[in-house]
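Report on the following structure.
The values are calculated or read from the model by the stated rules, or taken from the named source; none is laboratory data. These numbers come from a predicted model, not from an experiment. Neighbour counts are summed over all protein chains in view; Cβ atoms, including those assigned to glycine, are modelled from backbone coordinates with ideal geometry. Heavy atoms of the whole protein, side chains included, go into the accessibility calculation; ligands, DNA and RNA do not. Shrake-Rupley method; radii C 1.70, N 1.55, O 1.52, S 1.80 Å.
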Amino acid sequence: MYQYSTIQALSNGFYDGQLTVGEMKTKGNLGLGTFNGLDGEMIVLDGSVYKVTVDGKVHHVPNGEQTPFVNIVDFNGAVAQGKAIQNFSDLEILLQEIIVSKNLVAAFRIDGSFDYIKVRSVAKQERPYPKLMEALQTQKVFEYSDLEGTVLGFWQPEMMSSINLSGFHFHFISSDRSKGGHLLDCTIQSPQIKVEQFHKIELELPTSEEFKQMPLSVTKQSVYDPKFGQ
Ligand SMILES: [Zn+2]
């Protein structure tokens, strides 16, 4: 898994990275993150990069655009046994059963027809940047029913909690590439699940003065909660 910057930096308002989408694409074909200025939710699927803006719309992203945070893998997941998922906690329980070890990173891809899906996107921020939990007050939540699409994301082991969120983090994009966002809830009867675990992590830290000078001794309470708005 390749990671650019840390969730703790993002939580602290580090929203302008130096990594371009073009460079990022050389690191894998499945991933999630955001864009400079906290401009929406990033989805990387089958090597294509999509942005879900705060209006819920999906956009293709040019290679020159930059990101302050991303997790991306070269995904070649194996099929896992799926079963009906009624809500987010069902999803977490099922995927915890599927993974071989909670001490490795896991990447997931879940395709199917979702009875219900709840996602959010964030609004592009202006300087001086607020911290992430404050910026998320402007998030917009979207709920859809009977929507074909893909949930993708990660399990991060507890040991990752100083550079990432530990636990699950998912984004969603519809099959017609018109809807998507950061996943808050879902219901699906027949999910097609693929999983792959990773034991190598490449962490690239930003080189800007802003990052170098940023206080990063954040407490757990000040780190962003991926379930905010759930
Ligand atoms: Zn997210």
Enumeration of residues in the stretch 110-132 that are of a type in the set (Lys, Arg) and in contact with a Ser or Thr (Cβ under 6 Å, 6 or more places away or on another chain): none
Residue that is surrounded by the fewest Cβ atoms within 10 Å (Cβ to Cβ), among those in the stretch 76-108 that are touching a helix residue (DSSP H, G or I) at 6+ places or on another chain (Cβ under 9 Å) and β-branched (Val, Ile, Thr): VAL105
Go through (1) within 14 Å of the ligand (Cβ to nearest atom); (2) at pLDDT below 95 for LEU32 and report which single condition fails. (2)
Flagged in the stretch 160-197 as of a type in the set (D, E, K, R) and within 16 Å of the ligand (Cβ to nearest atom), in numbering order, are LYS179, ASP185
Whether any residue in the stretch 41-59 is in contact (Cβ under 8 Å) with a residue 40 or more places away in the chain, over 22 Å from ASP176 (Cβ atoms) and touching a Phe, Trp or Tyr at 6+ places or on another chain (Cβ under 9 Å) is what I want to check. no
Say we look at the stretch 131-183 and pick out the residues that are open to solvent by 10 Å² or more (accessible area, probe 1.4 Å), out of contact with any strand residue (DSSP E or B) (no Cβ under 9 Å at 6 or more places or on another chain) and of a type in the set (A, V, I, L, M); which of these is farthest from ARG109 (Cα to Cα)? MET133
Give the residues of the stretch 35-57 that are small (Gly, Ala, Ser), within 16 Å of the ligand (Cβ to nearest atom) and either under 10 Å from THR67 (Cβ atoms) or in contact with a strand residue (DSSP E or B) (Cβ under 8 Å, 6 or more places away or on another chain) (or both), sorted by residue number. GLY40, GLY56
Please go through (1) over 20 Å from PHE69 (Cα atoms); (2) within 11 Å of the ligand (Cβ to nearest atom) for ASP146 and return the number of the only condition it doesn't satisfy. (2)
Please enumerate the residues belonging to the stretch 162-186 that are touching a helix residue (DSSP H, G or I) at 6+ places or on another chain (Cβ under 9 Å) and free of Cβ contacts under 8 Å to residues at least 40 places away in the same chain. SER166
Given the conditions (1) under 22 Å from VAL195 (Cα atoms); (2) touching a Leu at 6+ places or on another chain (Cβ under 7 Å), which single one is not true for LEU132? (1)
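Listed here are the residues, each with its yes/no results for (1) more than 17 Å from PHE170 (Cβ to Cβ); (2) surrounded by 17 or more Cβ atoms within 10 Å (Cβ to Cβ).
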position: VAL21; (1), (2): yes, yes
position: ASP39; (1), (2): yes, yes
position: GLY56; (1), (2): no, yes
position: THR67; (1), (2): yes, yes
position: ASP74; (1), (2): yes, no
So, in the stretch 19-29, how many residues would count as being without any contact (Cβ under 8 Å) to a residue 60 or more places away in the chain and either within 16 Å of the ligand (Cβ to nearest atom) or in a strand (DSSP E or B) (or both)? 2
Given the options GLY149, GLY112, name the one that is in a strand (DSSP E or B), under 18 Å from MET42 (Cβ atoms) and not charged (D, E, K, R). GLY149
